[in-house]
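Q: One structure coming up, written as structure tokens, with questions to follow.
The values are calculated or read from the model by the stated rules, or taken from the named source; none is laboratory data. Note that this is a predicted model, so its numbers are computed, not measured. Cβ coordinates were reconstructed from backbone atoms using ideal geometry, including for glycine residues, and neighbour counts include every protein chain displayed. SASA here: full protein model, heavy atoms, side chains in, ligands and nucleic acids out. Shrake-Rupley method; radii C 1.70, N 1.55, O 1.52, S 1.80 Å.
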Amino acid sequence: VVALGAHAAGLFSNNSPLRRSLRDAGETVGDRAWPMPLWEDYQSQLDSNFADMANIGGKGAGAVTAASFLHRFARKLRWAHLDIAGVAWKSGKDKGATGRPVGLLVQYLVDRAQQA
């Protein structure tokens, strides 16, 4: 929410082709996602004095450290994570769910089916 607001979902992935495919699908349907970093520098924010690791990194780079938590356990897999906190809901007089990123994901599946 802090980095991208309600305009784009944060897109984290350890696989460039998967990240590009999801980003492109979102651009096609106007349900954008923006690639975010998974640099090793963020892993230290998961260090804990009380446990093997923390599940949240604190105030700074919260979405990145959340994805870093996933990355720590799924390094051998191709994966992507969409941080939809900023795009999934509207507040104020238009309060409610937006349905995002359903359009992006459906377009991604359509694109994949056309490649088969």
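Q: Within region 62-72, does at least one residue satisfy the condition of being closer than 20 Å to Asp24 by Cβ, touching a residue at least 60 places away in the same chain (Cβ under 8 Å) and touching an Asp or Glu at 6+ places or on another chain (Cβ under 9 Å)?
A: Scanning region 62-72, I find no residue that is closer than 20 Å to Asp24 by Cβ, touching a residue at least 60 places away in the same chain (Cβ under 8 Å) and touching an Asp or Glu at 6+ places or on another chain (Cβ under 9 Å), so the answer is no.
Q: Can you give me the number of residues within region 7-29 that are out of contact with any strand residue (DSSP E or B) (no Cβ under 7 Å at 6 or more places or on another chain) and open to solvent by 60 Å² or more (accessible area, probe 1.4 Å)?
A: Final tally of qualifying residues: 7.
Q: Also, I was wondering about something else. I'd like to check something: does region 19-36 contain any residue that is more than 15 Å from Tyr108 (Cα to Cα), not in a strand (DSSP E or B) and not aromatic (Phe, Trp, Tyr)?
A: yes
Q: Can you name the number of the only condition in (1) surrounded by fewer than 11 Cβ atoms within 10 Å (Cβ to Cβ); (2) modelled with pLDDT of 85 or more that Arg32 fails?
A: Just one mismatch for Arg32, condition (1).
Q: If you go through region 49-74, how many residues are assigned to a loop (DSSP other than H, G, I, E, B), surrounded by 10 or more Cβ atoms within 10 Å (Cβ to Cβ) and either at pLDDT 80 or above or touching a helix residue (DSSP H, G or I) at 6+ places or on another chain (Cβ under 7 Å) (or both)?
A: Step one: list which residues in region 49-74 are assigned to a loop (DSSP other than H, G, I, E, B), which gives 49-61, 74.
Pick out the ones that are also surrounded by 10 or more Cβ atoms within 10 Å (Cβ to Cβ) and you get 53-58, 60-61, 74.
Remaining after also requiring either at pLDDT 80 or above or touching a helix residue (DSSP H, G or I) at 6+ places or on another chain (Cβ under 7 Å) (or both): 53-58, 61, 74.
Qualifying residue count, region 49-74: 8.
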